[in-house]
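This report concerns only the one structure given below.
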């Protein structure tokens, strides 16, 4: 028993050191990458890019399902994005409300019977609509039978004419220069073929918008969105810039991503049967490009480009997190042959193993650690002094990582006009480990349970509060 306890204690300690060290290393690498990007970006004139007729054509796909209350404003916002050669494709994914009727009336749509070659399988398309108003000449609306987001995106890809495909959520608020920023690494990288690009996603909760543009960033008033902001900052400012620096990025957020159209055709688009289709498609691209021995790159822009609403209700957040875990399990199992396989480069040798241990195994390891602590207390075998030292060390390092991410974001991108907003984030970071993190472990474990017991479990619903607008 003593031998088991010794090895278990040291195993948990090694795991904690591994996870914390990963965050610290990512933070250092990401800081260098962010500075490098900002220095390079400062030399680029966005206005000249915007006016250039030689920019690659981008097709922007936004799936819509029962979006009647917001669809007109959302499409108007997407149409206002500044890019010379942009095509907007709205995919009505079998809405049962009047989403399609509102689009037809608002944008003078009429049926276009031009034949289209279908490259990627999707549920049947009923009609393609274009506008009779020349103001909306770049707008296409696809009406199809319901098949969820991945299926809607695949249908949209078939009707796109752009060299690159951008995928966004209909409710997302894009920065005006989103596509000049996303296309820049594709144009500037002469050594590698950039096949996909992601960017930072910001939270709209309680921030102020005017005519679809952010005018004042605010810390969410509710606890759950507030602590999610900290999660997002750690992920988008630390994890993703670091992973992308050596072409090991395994996830581009479903809220905003830019993809090479030819590569999407080659990997047969987004997977219909995947709950985590955003991670799935990135892994498919890595696998395909590696097997084709392409000199490729999946890049990341470390600046806020898209704003979206985070879940405010515990029930909705719980559903989202267990779905994320189910999606992660699916993807990791599906691409298991890449694990420690040098054929797949840094993804196979570094990113996949790191994700496996720090994301997939984390809930189980943390549950085992909690169970061991309870067992040790009951049987009086715990070394309280060592336990307290280990806990405080890990807690303080994690707190430093969160504080650093918050400070970096505030310094580089959006300075909080009200300093109380900054303090609220710091206070949330201090209690995250005690109030929020245990819940995320439970939600992830439920994801494991549902994955094993209910193969038909779907996405769940997202209840939105809506934007705070200033007219």
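Rule-based calculations on the coordinates, nothing more; no lab input. Just so we're clear, the structure is a prediction, and the values are computed from it rather than from any experiment. As a convention, Cβ positions derive from the backbone with ideal geometry for all residues, glycine included, and neighbour counts pool all protein chains shown.
Ratio of Rg to Rh for the chain: 0.97 [Cα atoms; Kirkwood radius as inverse mean 1/r over pairs].
At the listed q of 0.23 Å⁻¹, the Debye profile of segment 54-159, built from one uniform point per Cα, gives log10 I(q)/I(0) equal to -1.38.
Could you work out the percent of alpha carbon pairs in segment 360-459 separated by over 24 Å, rounded to a whole number? The partial results should precede the final answer.
Details: 2249 of 4950 pairs.
For segment 360-459, the share of Cα pairs beyond 24 Å comes to 45 percent.
Against the chain, whose longest principal axis comes from its Cα atoms, helix 2-41 is set at around 40 degrees.
Run through all the Cα pairs of segment 195-306 and give the fraction in each 5 Å bin from 0, expressed as whole percent. Per 5 Å bin, starting at zero, the Cα-Cα P(r) for segment 195-306 comes out as 2, 11, 19, 20, 17, 13, 10, 6, 2, 1 percent.
Could you work out [θ]222 nm for the chain from helices alone, using -39500 (n - 2.57) per DSSP H run of at least four and dividing by all its residues? Round to the nearest 500 deg cm²/dmol. Show your work: numbers first, answer last.
Numbers: 16 runs with 226 residues, N = 471.
Computed ellipticity for the chain at 222 nm equals -15500 deg cm²/dmol.
Please compute, over every Cα-Cα pair in segment 11-116, the percentage with a separation greater than 25 angstrom.
So the pairs more than 25 Å apart make up 55 percent of the total in segment 11-116.
Computed over the Cα atoms of segment 120-194, what is the convex hull's projected area averaged over all directions, in nm²? The partial results should precede the final answer.
Numbers: hull surface 27.1 nm².
Directional mean of the projected Cα hull area for segment 120-194 stands at 6.8 nm².
Fewest-first ordering of 214, 28 by other beta carbons within 10 Å of each residue's beta carbon gives 28, 214.
Once the piece of chain linking residue 340 and residue 119 is laid out straight, how much longer is it, given 0.36 nm per residue of separation minus the C-alpha distance between them?
Working: separation 221, 0.36 × 221 = 79.56 nm, distance 3.28 nm.
Here the answer is 76.3 nm.
Relative to the dominant Cα principal axis of the chain, helix 178-188 is inclined by about 80°. Taken over the C-alpha atoms, segment 259-349 has Rg and Dmax values of 15.3, 45 angstrom. Computed log10 I(q)/I(0) for segment 395-445 at 0.18, 0.26, 0.31 Å⁻¹: -0.64, -0.97, -1.13, from the Debye equation with unit scatterers placed on every C-alpha and solvent omitted. For segment 213-261, the fraction of C-alpha pairs more than 17 angstrom apart is 53%.
Its Kirkwood hydrodynamic radius, worked out from the mean inverse distance over all distinct Cα pairs, puts segment 254-312 at 13.1 Å.
Of interest is the spacing of the C-alpha centroids, which for segment 368-433 and segment 328-352 amounts to 30 Å.
Helix 437-453: angle to the longest alpha-carbon principal axis of the chain, degrees 0 to 90, nearest 10? Helix 437-453 sits at roughly 70 degrees to that axis.
How would you rank 3, 393, going from fewest to most other Cβ atoms within 10 Å of each one's own Cβ? Before the final figure, lay out the partial values.
Numbers: 3 7, 393 14.
In order of increasing Cβ crowding within 10 Å: 3, 393.
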